[in-house]
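K.L.:
The following block contains the structure, expressed as structure tokens.
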Amino acid sequence: MIPREGTPKKINDGTRTLAAPDHCIWYRIRYNVPCKVHECQMAAKKRKILPAIFYRTATGAEPVRKWLKALSREDKRIVGTDIATVEFGWPVGMPTCRSLASRRGLWEVRSSLTHNRIARVMFVVYQGQMVLLHGFIKKTQQTPEGELDLAVKRQKEVESGKTK
């Protein structure tokens, strides 16, 4: 599909233009026949299946958000894209997401960062939401027990309702 209307504007990997008065996008689909698609129809197709929320401690701190903010701009983009992939495409499998078999109900978002680093964001699915419990950068091939234990501790807090 090639968007058409007025003067095209270049955005990332394609050409997209927005119509002024009626907020529609014109596409030329097969055989060069114009077809009108409303933005609200496009947005409806892109609803989050599993919206992400940050784990919050009893004091109100959000450790995963703090960890993400400490990353470089490019690394934030990579981790954010991987989390969004899980949000919009749930259930997602490897290589983006994996269940931790040894820890019942715990999942990880797998990200390959710049400078050959690997990041993991542990989460649990609770009440139809993806609760981001713990984020870290892996330094060894195997996930350290301390990182897993912390995620499991936070998972239990979320499931028992002890967090805000």
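The values are calculated or read from the model by the stated rules, or taken from the named source; none is laboratory data. Bear in mind that the values here come from a model prediction, so they are computed numbers and not experimental data. As a convention, Cβ positions derive from the backbone with ideal geometry for all residues, glycine included, and neighbour counts pool all protein chains shown.
K.L.:
Among the numbered conditions (1) of a type outside the set (Phe, Trp, Tyr); (2) in contact with a strand residue (DSSP E or B) (Cβ under 8 Å, 6 or more places away or on another chain); (3) assigned to a helix (DSSP H, G or I); (4) at pLDDT below 85, tell me where residue 34 comes up short.
P.N.:
It fails just one condition, (3).
K.L.:
Is there any pair with a first residue in the stretch 133-161 that is without any contact (Cβ under 8 Å) to a residue 40 or more places away in the chain and in a helix (DSSP H, G or I) and a second that is among the basic types (Lys, Arg) and surrounded by 13 or more Cβ atoms within 10 Å (Cβ to Cβ) whose Cβ atoms are under 8 Å apart and which are 6 or more apart or on different chains, and what are they?
P.N.:
Between residues of the stretch 133-161 that are without any contact (Cβ under 8 Å) to a residue 40 or more places away in the chain and in a helix (DSSP H, G or I) and residues that are among the basic types (Lys, Arg) and surrounded by 13 or more Cβ atoms within 10 Å (Cβ to Cβ), the close pairs are 147/120.
K.L.:
Picking from 92, 109, 79, 86, which residue would you name as being out of contact with any strand residue (DSSP E or B) (no Cβ under 6 Å at 6 or more places or on another chain), closer than 23 Å to residue 155 by Cβ, in the same structural domain as residue 133 (by TED's automatic domain parsing) and buried (at least 18 other Cβ atoms within 10 Å of the Cβ)? If you could, list the steps in order and put the result at the bottom.
P.N.:
Values: 109 fails: out of contact with any strand residue (DSSP E or B) (no Cβ under 6 Å at 6 or more places or on another chain); 79 fails: out of contact with any strand residue (DSSP E or B) (no Cβ under 6 Å at 6 or more places or on another chain); 86 fails: out of contact with any strand residue (DSSP E or B) (no Cβ under 6 Å at 6 or more places or on another chain).
Answer to the selection: 92.
K.L.:
Next question. Among the residues of the stretch 112-150, what is the count of those that are within 18 Å of residue 86 (Cα to Cα), of a type in the set (Gly, Ala, Ser) and either more than 21 Å from the chain's Cα centre (by Cα) or surrounded by 11 or more Cβ atoms within 10 Å (Cβ to Cβ) (or both)?
P.N.:
Count: 3.
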